[in-house]
Amino acid sequence: MKKTTARRLAGTALTLLTLAAFVRWDNNALELNRAEFSSSRLPDAFDGFVAVQLSDLHGKEFGEGNRRLLDAVASLSPDLIAVTGDLVDEHTARPLEYAAEVGGALSALAPTYYVTGNHEWAARQAEDICAALEGAGVICLRNQTVAIERGGGRILLSGIDDPNAYADQKTPEDVARELLKTYGEDDFRLLLAHRNNLFPTEYYRLGYDLTLAGHAHGGLVRLPFTDGLIDPHQGFFPSYTAGFYTVEGQTMFVSRGLGNIFPSVRLFNRPELVALTLRRGS
């Protein structure tokens, strides 16, 4: 073999190893991000309230027992933890045990709330996953609203099931109407929903001050001047895949999520953990 050929083969091998190492890092190195949302409707007592959002874990583990993920959540000092769906999927080994372990560890850090995603329903595990989570101290919001009180003030937190759920379930509109009937219009309202792509057509009409969603995995491959390259549900060059979006004065925050749907991978789109701080302001 000529030396030039050997050098080319060695260079190719090194390039492939470097690329493989980068992809592995890009899919497993947690990225901790902070964001703020201001509203004049937020009670003074909730100024500085931190909600940590986890989305689309898909049964992934960051270290043994998800220790790296749990340590990262703890480091963000959450007042509330929001899990916005697809905690597990059809490929998750021991999904009920996984949900109980993750849910128990999260609820030990802060009050934790969960809404179902499309994959829990596709795996026909949604009901059992909710039971496992509730047994571990997590509150599953199934088309319902709870009041969260702090320092004499309160905010309202609603959670809606994924559309993959029962055909006769309450609609998001039903949930919003029940909230107004029970509590009135004056409270700051936060909505947990899995599907980002339903915000610009449906969820923005519900009247919530802020909606937290996931589902898009950041568009999988994040390239400059795009909102991600591909989404299984929106196709190429999707929208509403990461960060804040506003439609007719209503705001959504989308997490890029933490896991993958087999066999997809992330590129330039590390697993994201978000600490969202609520601020009282204009």
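The values are calculated or read from the model by the stated rules, or taken from the named source; none is laboratory data. Because the structure is predicted, anything quoted here is derived from the model rather than measured. Please note: Cβ atoms are built from the backbone with ideal geometry, for glycine as well, and neighbour counts cover all protein chains shown. Heavy atoms of the whole protein, side chains included, go into the accessibility calculation; ligands, DNA and RNA do not. Shrake-Rupley method; radii C 1.70, N 1.55, O 1.52, S 1.80 Å.
The table that follows gives values for the structure above.
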read-out	value
Accessible area per residue, Å², the range 12-129 with all protein chains present, probe 1.4 Å	44
The range 189-235, accessible surface, carbon-and-sulfur percent (1.4 angstrom probe)	58
Helix-only [θ]222 nm of the chain, DSSP H runs n ≥ 4, -39500 (n - 2.57) each, per residue, nearest 500	-8500 deg cm²/dmol
Modelled FRET efficiency - R0 22 Å, residue 24 with residue 236, Cβ distances, 0.05 increments	0.30
Fraction of accessible area attributable to carbon and sulfur, the range 65-121 (%, probe 1.4 Å)	54
GNM result for the chain, Cα springs below 10 Å: residue of 192, 54, 267 fluctuating most strongly	267
Straight-distance crosslink candidates among lysines, where the alpha carbon sits under 30 Å from residue 181 and sequence neighbours closer than 8 are dropped	170
Total formal charge among the other residues, if their Cβ is under 15 angstrom from that of residue 11, Lys/Arg +1 and Asp/Glu -1	+4
Among 158, 255, 39, residue whose mean-square fluctuation peaks in a GNM of the chain (springs only between Cα atoms under 10 Å)	39
Dipole-positive endmost among 267, 255, 111 within the chain (Cβ charges, Cα centre)	267
Cα centre as origin, Lys/Arg/Asp/Glu Cβ charges: the range 132-218 dipole, Debye	120
Positive-end extreme of charge dipole, the chain - chosen from 52, 182, 39 (charges on Cβ)	52
Cα gyration tensor shape for the range 40-88, rounded if a/c is under 1.5, else prolate or oblate	oblate
Net charge over other residues, Cβ less than 9 angstrom from the Cβ of residue 267 (K, R count +1; D, E count -1)	+1
The chain shape via C-alpha gyration tensor axes, a/c threshold 1.5	prolate
Net charge contributed by nearby residues that have their C-beta within less than 9 Å of residue 242 (K/R +1, D/E -1)	0
Cα-based shape type of the range 52-179, given that a ≥ b ≥ c are square roots of the gyration tensor eigenvalues and the cut on a/c is 1.5	oblate
Most fluctuating residue given options 193, 29, 167, as computed from a GNM of the chain linking Cα atoms under 10 Å	167
Cβ-derived FRET efficiency at R0 25 Å, residue 171 paired with residue 127, nearest 0.05	0.80
Of all DSSP beta bridges in the range 28-128, antiparallel share, percent nearest 5	0
